[in-house]
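The values are calculated or read from the model by the stated rules, or taken from the named source; none is laboratory data. Note that the structure is a prediction, hence the values are computed from the model and not measured. Note: ideal-geometry Cβ built from the backbone for every residue, glycine included; neighbour counts use all protein chains shown. Just so you know, the surface numbers come from the protein's heavy atoms only, side chains and all, with ligands and any DNA or RNA stripped out. Shrake-Rupley method; radii C 1.70, N 1.55, O 1.52, S 1.80 Å.
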Amino acid sequence: MLTLEKAVFVQGDYQLSADVEFEVGKVTAVLGPSGAGKSTLLGGIAGFVPLKQGRLRWNGEDISDLAPAKRPVSMLFQDNNLFPHLTVMQNVALACAPQLRPSTEIRDKVEEMLDRVGLAGMSARKPSALSGGQQSRATLARALLLDRELMLMDEPFSALGPALKAEMLDLSVGLAQAAGRTLVMVTHDPADAERVADAVAGVAEGRVWPLQETQTFLCAPPTAFTSYL
Amino acid sequence: MAQRLVSITAALVVAGLVIGPVTAVLWRGGGFAALSAADLAALRFTVWQAFWSATLSVCLAIPVARALSRRTFWGRSALISVMGAPFILPVIVAILGLLAVFGGNGVVNAVLGPLGIPKLDIYGAQGVILAHVFFNLPLAVRLILQGWLQIPSERFRVAASLDAPVFWLLEWPMLRRIAPSAFAVIFVICLGSFAVALTLGGGPRATTVELAIYQAFKFDFDLSKAASLAVVQLCLGLSAGTVALLLSRGDMLGAGLDRVVQRWDGNRLVDALWISAASLFLLAPLCAILVAGLPGLFDLPSSIWPAALRSLLIALGAVLLTMILALPLATKAGEAASLLGISVSGLVLGTGLFLIVQPFVRPSSVALPITMLVNVLMALPFVLRILRPSVQSAKEDFGRLGESLGLEGWALWRIAYFPRLRRPMGFAAGLTGALAMGDLGVITLFSRPGEGTLPLMMYDLMGRYQMEAAYGAALLLVALSVGLFWAFDKGGRVNADA
């Protein structure tokens, strides 16, 4: 269980408060209008946005003061997930070998993961030689290889076309669940939530609303979301 | 078509203003003279000091820029602005400031003396390099800082969440891209060093090619030797300038330098030490000028005011003419043509222009317009580096829209382009004005007594050891140069985003 206990995250002049729980093994969509603070919430969980007050717990353990690398979190950003001067192999291998010296064993694991995300035979390419969808797959491969229980997705597929976006969402959720991960994904599209999410955490008016089942949220949203939906 | 004609005319004017004077010097000198051992030593020293000045500036700028990129502190924005000051500071003023800190009777030696440490000697090669690092460290910091701030913040987050080494993953690739271009730009600037070499260098071991040209004119009036050295300078400057142009990326405006990248690495104390050391090195000479200059203001001779007015007129004329030439030259070919100006010795340009006008007017009566013209040619490459990216993007963004609305020629510039260019034009005009205001180059050769500019007057006061008055003149010169820069830069920013 990921628990945000009366948490307040601060980003510049903006504050976001959250007092919610995310269930282990489930897919939760973070939904809300543009600028509501969806990315701030994910940044706060990952340790990139300062926590002004409250606590963050993962399965009871307090992770509030841990550095980003020490949290049980892997994160996929909207852009710039890959390092342009590294090959796909090097980019993905960073998950297991951050010092950029992957062993043969790690290289084999990377190849296997690339195969699973549909990038077989592309490990020697640079990101610039990949399409947008392929870059997303490489990012997903790294996140899956990084052995962390909580996966955060900050609209990493927003630049893709509708069909490819749906395919990538299905692939991410399928692989994440197969690996037993808990997935929290930001989206501004209710259809994405309806497609893959078990629950929805609405973000509006400077706070995170209590989680609701996806259908319940979409059919009878809190008043703060009616005009948005 | 008309636009292209204007561009070609502007390029021809620049080429004529460079090639004409060089030819005149060659013609009057009766051809080239063979280079002596001393000339070759000057050539070696020029390259050597430019190499070390650029290397030290860039190497020291890296930790300072990194510290600035990842730390927020009170006055950070002001410090970054002040870091631009040495670049617009008149060379002769900066040298006076450096003498006050590092000179024989300076602050540093006053501290070292009682400790039994031998005195620092600022005269010679080490002084030339020290002065060049003082001028160019801020430029290097700004260029490299821009590189740091161009790294997307997500990549720092990815590196932090993977516990990956930020230096090898993000910083080294950026530095490999930015540092060579910063090195090349500073190397080119240091190649043409004159005022620094004139005041702190000299002698067989610290003479630059530009200083050797000055000596050939002033002491030997050996035009053929000056012409030969000018060609050497031209080849050196053109090749290094071309490399710098090929390596350079984007403008040097430093937009967005106020942003701080959130980082999870680095040591606060080490960063604080680098920022403090750089601030002390850059600000101490400026403070010394301020402290010593205030009482000196009351000792200024009355002839200082006409000299200040002459400098002001040269600066304003240079701004106007530079802008008229720069706008049609804001293309890749135009920028390449402008390199001609900075590659040729300013002294040779000035002398050539004097030789050309000599049959028609008394040369000393046109000393000021010629000084202005040489300053225009010297400023053009910097101005085009600043303006070209903005002109290009304005043309890309609004060129077709303008055409579709039937706008062309002056109307297109007035309605579509100028509003977009106000900010870089203001900055470029400020830079030109400040550089021309503080120029101590060709005027040293041809000015008649009592008709010099403010920097020349200050140099004379230093030569006569009237140091208090020299400090006062320095303060006045700084106030005028910075004021001119501020006025144009501020003017460009007013309603620039409207």
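One residue stands out in region B:160-171 among those that are touching a residue at least 12 places away in the same chain (Cβ under 8 Å), out of contact with any Asp or Glu (no Cβ under 6 Å at 6 or more places or on another chain) and more than 7 Å from chain A (Cβ to nearest Cβ): the one that is surrounded by the fewest Cβ atoms within 10 Å (Cβ to Cβ), namely B:Glu171. Residues of region B:122-145 include at least one that is at pLDDT below 85 and away from chain A (no Cβ under 14 Å). Which ones in region B:218-237 are out of contact with any Phe, Trp or Tyr (no Cβ under 9 Å at 6 or more places or on another chain) and farther than 18 Å from B:Thr444 by Cα? Hits for region B:218-237 are B:Leu229, B:Val232, B:Gln233, B:Leu234, B:Cys235, B:Leu236, B:Gly237.
Each row is one residue, and each column tells you yes or no for (1) in contact with a Lys or Arg (Cβ under 6 Å, 6 or more places away or on another chain); (2) at pLDDT below 85; (3) within 14 Å of B:Ala326 (Cα to Cα).
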{"site": "B:Val383", "(1), (2), (3)": "no, no, yes"}
{"site": "B:Ala394", "(1), (2), (3)": "yes, yes, no"}
{"site": "B:Gly402", "(1), (2), (3)": "no, yes, no"}
{"site": "B:Leu407", "(1), (2), (3)": "no, yes, no"}
{"site": "B:Leu412", "(1), (2), (3)": "no, yes, no"}
{"site": "B:Ile415", "(1), (2), (3)": "no, yes, no"}
{"site": "B:Pro419", "(1), (2), (3)": "no, yes, no"}
{"site": "B:Arg422", "(1), (2), (3)": "no, no, yes"}
{"site": "B:Phe427", "(1), (2), (3)": "no, no, yes"}
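The residue pairs whose first member lies in region B:196-224 and is outside any helix (DSSP H, G or I), whose second member is of a type in the set (A, V, I, L, M, F, W, C) and buried (at least 19 other Cβ atoms within 10 Å of the Cβ), and whose beta carbons are closer than 6 Å, counting only pairs six or more residues apart or on different chains, are B:Gly201/B:Val128; B:Ala206/B:Val128; B:Thr207/B:Ala42; B:Thr208/B:Ala197; B:Asp222/B:Ala216.
The single residue among B:Arg28, B:Arg4, B:Arg70 that is of a type in the set (D, E, K, R) and free of Cβ contacts under 8 Å to residues at least 60 places away in the same chain turns out to be B:Arg4. Of the residues in region B:34-49, not one is surrounded by 18 or more Cβ atoms within 10 Å (Cβ to Cβ), assigned to a helix (DSSP H, G or I), in contact with a Phe, Trp or Tyr (Cβ under 8 Å, 6 or more places away or on another chain) and in contact (Cβ under 8 Å) with a residue 24 or more places away in the chain. Among the numbered conditions (1) buried (at least 23 other Cβ atoms within 10 Å of the Cβ); (2) in a helix (DSSP H, G or I); (3) in contact with a His (Cβ under 8 Å, 6 or more places away or on another chain), the only one that B:Ser193 does not meet is (2).
Listed by first and then second residue, the pairs with beta-carbon distance under 7 Å, at least 6 apart or on different chains, first residue in region B:172-194 and in the same structural domain as B:Ala61 (by TED's automatic domain parsing), second in a helix (DSSP H, G or I) and among the charged types (D, E, K, R), are B:Gly192/B:Glu210; B:Ser193/B:Glu210; B:Phe194/B:Glu210. Contact map, region B:323-338: residues that are outside the structural domain of B:Thr432 (by TED's automatic domain parsing) paired with residues that are surrounded by fewer than 21 Cβ atoms within 10 Å (Cβ to Cβ) and β-branched (Val, Ile, Thr), Cβ distance under 8 Å, separation 6+ or inter-chain. No pairs are found.
Show me the strands (runs of 3 or more DSSP E) found entirely inside region A:146-218 where at least 1 residues are open to solvent by less than 70 Å² (accessible area, probe 1.4 Å), closer than 25 Å to A:Leu94 by Cα and touching an Asp or Glu at 6+ places or on another chain (Cβ under 8 Å).
Values: elements: A:150-154, A:182-187, A:199-204.
Ranges flagged: A:182-187.
Restricting attention to region A:107-133, the residues that are assigned to a helix (DSSP H, G or I) and either under 13 Å from A:Thr87 (Cα atoms) or open to solvent by 70 Å² or more (accessible area, probe 1.4 Å) (or both) total 12. Go through region B:333-362 and count every residue that is under 21 Å from B:Leu229 (Cβ atoms) and in a helix (DSSP H, G or I). Here the count works out to 16. Contact map, region A:204-229: residues that are under 19 Å from A:Thr3 (Cβ atoms) paired with residues that are open to solvent by less than 30 Å² (accessible area, probe 1.4 Å) and of a type in the set (S, T, N, Q), Cβ distance under 9 Å, separation 6+ or inter-chain. Pairs shown: A:Leu211/A:Thr28.
Could you name every one of the strands (runs of 3 or more DSSP E) located completely within region A:1-101 that has at least 2 residues being in contact with a His (Cβ under 8 Å, 6 or more places away or on another chain) and away from every other protein chain (no Cβ under 14 Å)?
Details: elements: A:2-11, A:14-22, A:27-31, A:51-58, A:73-76.
Qualifying strands (runs of 3 or more DSSP E): none found.
Residues in region B:200-217 that are touching a Leu at 6+ places or on another chain (Cβ under 8 Å) and modelled with pLDDT under 80: B:Gly202 alone. When region B:62-96 is filtered for residues that are modelled with pLDDT of 85 or more, part of a helix (DSSP H, G or I) and closer than 27 Å to B:Leu440 by Cα, the ones remaining, listed by number, are B:Val91, B:Ile92, B:Val93, B:Ala94, B:Ile95, B:Leu96. For B:Ala61, work out the one condition from (1) closer than 23 Å to B:Met174 by Cα; (2) in contact with a Gly (Cβ under 9 Å, 6 or more places away or on another chain); (3) of a type in the set (Gly, Ala, Ser) it doesn't fulfil. So the condition that B:Ala61 fails would be (2). Got at least one residue in region A:55-72 being open to solvent by 10 Å² or more (accessible area, probe 1.4 Å), touching a helix residue (DSSP H, G or I) at 6+ places or on another chain (Cβ under 7 Å) and either among the aromatic types (Phe, Trp, Tyr) or in contact (Cβ under 8 Å) with a residue 60 or more places away in the chain (or both)? Within region A:55-72 (the criterion being open to solvent by 10 Å² or more (accessible area, probe 1.4 Å), touching a helix residue (DSSP H, G or I) at 6+ places or on another chain (Cβ under 7 Å) and either among the aromatic types (Phe, Trp, Tyr) or in contact (Cβ under 8 Å) with a residue 60 or more places away in the chain (or both)), the answer is yes, since at least one residue qualifies. Filter region B:97-151 for residues that are open to solvent by 50 Å² or more (accessible area, probe 1.4 Å) and assigned to a loop (DSSP other than H, G, I, E, B) and give the result. Residues satisfying the conditions are B:Asn105, B:Gly116, B:Ile117, B:Pro118, B:Lys119, B:Leu120, B:Asp121, B:Tyr123, B:Gln150. Of the helices (runs of 4 or more DSSP H) that lie entirely inside region B:409-498, those containing 2 or more residues that are β-branched (Val, Ile, Thr) span B:443-446, B:467-493.
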